[in-house]
Amino acid sequence: MIIRIALLMAVLLTVVFVSLYFYMRAGQREALIAEWQKRDPSDAANEHREDWINRRLAGSMRKIALRLAVVVYALPLAALFLYVGFTDPFAP
């Protein structure tokens, strides 16, 4: 029974993880675009803008994805297993 609940939670948490990941990525991208505009608002520099944004975004999203995985997967699943461990009706 606990395995089925954990698998269902894992599927639902994956949907939450992917949604939050793309939401946070879009926000980070907007912040980087604003930073680029503040640095160099000329149109001549825009040809390098996407490369600059993608490099900065890749580095920051690795850290964010790791933190997000801990919050979205590890904490709820650990809470489930702790709950079941303390309230196990089949314990001797």
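The values are calculated or read from the model by the stated rules, or taken from the named source; none is laboratory data. Please read these numbers as outputs of a predicted model, since none were measured by experiment. Cβ placement follows ideal geometry from the backbone for every residue including glycine, while neighbour counts extend to all protein chains displayed. All accessible areas refer to the heavy atoms of the entire protein, side chains included, with ligands and DNA or RNA removed. Shrake-Rupley method; radii C 1.70, N 1.55, O 1.52, S 1.80 Å.
With n ≥ 4 as the cut-off for DSSP H runs, can you work out [θ] at 222 nm for the chain, using -39500 (n - 2.57) per run divided by the number of residues, rounded to the nearest 500?
After summing the helix terms and dividing by residue count, I get -27000 deg cm²/dmol.
Mind checking the dipole of the chain: about its Cα centre, +1 per Lys or Arg Cβ, -1 per Asp or Glu Cβ, Debye to the nearest 20?
Computed about the Cα centre, the dipole is about 180 debye.
When the Kirkwood hydrodynamic radius is evaluated over all pairs of different C-alpha atoms of the chain, what value in angstrom, to one decimal, is obtained?
16.1 Å
In Å², and per residue, what accessible area does the chain have when probed at 1.4 Å with the other protein chains present?
76 Å²
Which percent of the accessible area of the chain is formed by carbon and sulfur heavy atoms (probe 1.4 angstrom)?
Carbon and sulfur together cover 69 percent of it.
Using a Gaussian network for the chain with springs between C-alpha atoms less than 10 Å apart, which of these wobbles most: ARG56, ARG39, ARG67?
Result: ARG39 has the largest fluctuation of those listed.
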